[in-house]
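Shown next, in structure tokens, is the structure this report addresses.
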Amino acid sequence: MKFGRVIGIVVPEGDLLRLTVTLESGGAVTLARNALVPSLDADRDLDWHADQYTQETIGNELAELGWEAFAVGDTPLPQPGIGQSSSYSVRNL
């Protein structure tokens, strides 16, 4: 069994958001997803968007590779102009 940590970040890029989701496992950092994505809800902040898209990435792209989330970390401190998800602990059976 392997363990890892997943974090997502979004940064506004025009009318879209640049999403970057990374998986840290075994001392290496892997790019799990890098895409331009639409804003889901104009009333929500960037951290919320980063978290929603990170959960989606874990449930889709990483699940296809055998990864599953089993714990969520603390909510990150707000940073102007950047959205960051909570960190997710994942495992690969």
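Numbers below:
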| quantity | calculated |
| --- | --- |
| Residues of the stretch 13-26 that turn out to be surrounded by fewer than 20 Cβ atoms within 10 Å (Cβ to Cβ) and either of a type in the set (Lys, Arg) or in contact with a Ser or Thr (Cβ under 9 Å, 6 or more places away or on another chain) (or both), as a count | 5 |
| Tally, over the stretch 9-29, of residues that are out of contact with any strand residue (DSSP E or B) (no Cβ under 8 Å at 6 or more places or on another chain) and on the phi < 0 side of the Ramachandran plot | 2 |
| Neighbours by Cβ (under 6 Å, 6+ apart or cross-chain): first from the stretch 37-60, more than 18 Å from GLY14 (Cβ to Cβ); second basic (Lys, Arg) | THR57/ARG33 |
| Residue satisfying condition, being touching a strand residue (DSSP E or B) at 6+ places or on another chain (Cβ under 7 Å) and in a helix (DSSP H, G or I), within set ALA50, ALA71, ALA32, ALA63 | ALA50 |
| Number of the condition not met by ASP41 [criteria: (1) modelled with pLDDT under 95; (2) part of a strand (DSSP E or B)] | (2) |
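The values are calculated or read from the model by the stated rules, or taken from the named source; none is laboratory data. Small disclaimer: the values here were computed from a predicted structure and weren't measured. Every residue, glycine among them, receives a Cβ derived from its backbone with ideal geometry; neighbour counts consider all protein chains shown.
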